[in-house]
1. Give the accessible area for Y205 in Å² (nearest 10); use a 1.4 Å probe, count only protein heavy atoms, and leave out ligands, DNA and RNA.
2. Report D for the chain in µm² per second (integer): Stokes-Einstein, Kirkwood Rh on Cα pairs, 37 °C, 0.692 mPa s.
3. Which whole-number percent is the relative contact order of region 21-156 (Cα, under 8 Å, 6+ apart)?
4. For region 81-160, take the alpha-carbon Rg, divide it by the Kirkwood Rh, and send me Rg/Rh.
5. Identify which of P52, P36, P194 has the largest mean-square fluctuation in a Gaussian network model of the chain, with springs joining Cα atoms closer than 10 Å.
6. In percent, how large is the relative contact order of region 125-265, given Cα pairs closer than 8 Å and 6 or more residues apart?
7. Report the Cys residues of the chain lacking a disulfide-compatible partner, meaning no second Cys Cβ under 4.7 Å from their Cβ.
8. Using only the C-alpha atoms of region 21-178, find the volume of their convex hull and express it per residue in Å³.
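The values are calculated or read from the model by the stated rules, or taken from the named source; none is laboratory data. Please read these numbers as outputs of a predicted model, since none were measured by experiment. Cβ sites come from the backbone with ideal geometry, for glycine too, and all protein chains shown count toward neighbours. Keep in mind that these areas ignore ligands, DNA and RNA; they rest on the heavy atoms of the full protein, side chains included. Shrake-Rupley method; radii C 1.70, N 1.55, O 1.52, S 1.80 Å.
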Amino acid sequence: MTGLLTTVYSTYVHIVYDLADKRTESWFLTGPPWIPLLLLGLYLYFVKVAGPRFMKNRPAYNIDRIIAVYNIAQILICSYLVIKGLSFGWGRKRRVFCEPVDTSNEPEAIEMATWIWTMYMTKVFDLLDTVFFVLRKKNNQVSFLHVFHHVMMLDLLYTMARWNPGGHCVLDGSINCFVHVVMYSYYFITNAFPEYKKNIWWKKYITQIQMVQFILINLHNLPTVIQEDCAFSAFAGRKMYIESILMLILFFKFYVNTYWKKKEN
């Protein structure tokens, strides 16, 4: 029994500490796994228990101005990440598929690591979406899909920031950030100009864009799953691949229930 516990502990230390990227493991919120687990635990406790309990006998808060600033910040940050992410030279000096993580301290390698960390921070920032729903008493929007999506994305980006900050996954992240620019632009318009909300004909296309995103990410990550000589982490690639498939299934189910079935009725 003691030998088993020793093996488990040594394996944990090897994976969590020895394999971690030494450049980023001390950066903000990229420490050991208990950090994102604690963050997500607090998030889930607030949005499912503490928040609804706090708001039960209170009127919904009017935080439209805060949300407007939040949406603008998301648009600006994600736009920067798209432009910066695409500037790394995919298809020219960097491979489109299976680009390895450059673990050196060269300037561009640090830039890519910083890019991944910044995207990880946006996923922490994204948790405010749900907090705003709770404070506005829009509990119907705190759906399983919404919460699961936020949890999975934060977990995925934490994994990349601590173990694989750069390479192949930067291109996937750039696609995701582009989708977020479109999504938060829609949120800004409907929040700042609610009178136009019913007239925005492209609302359903946002979900379609999100589904296309997951298809593209799956195709991009397929070589990391099936190609034995892929230079990018097989574990990280498979993690992205599996989570993207789950997201595609859930978003497709949401799209069918929201648009197809309503149209039939």
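1. 90
2. Working: Rh = 20.1 Å.
Result for D is 163 µm²/s.
3. With pairs under 8 Å counted, the relative contact order is 38 percent.
4. Ratio of gyration radius to Kirkwood radius: 1.12.
5. It is P194.
6. Once divided by the residue count of region 125-265, the mean separation gives 23 percent.
7. So far as the 4.7 Å Cβ criterion goes, C169 stand without a partner in the chain.
8. About 111 Å³ per residue, rounded to a whole number.
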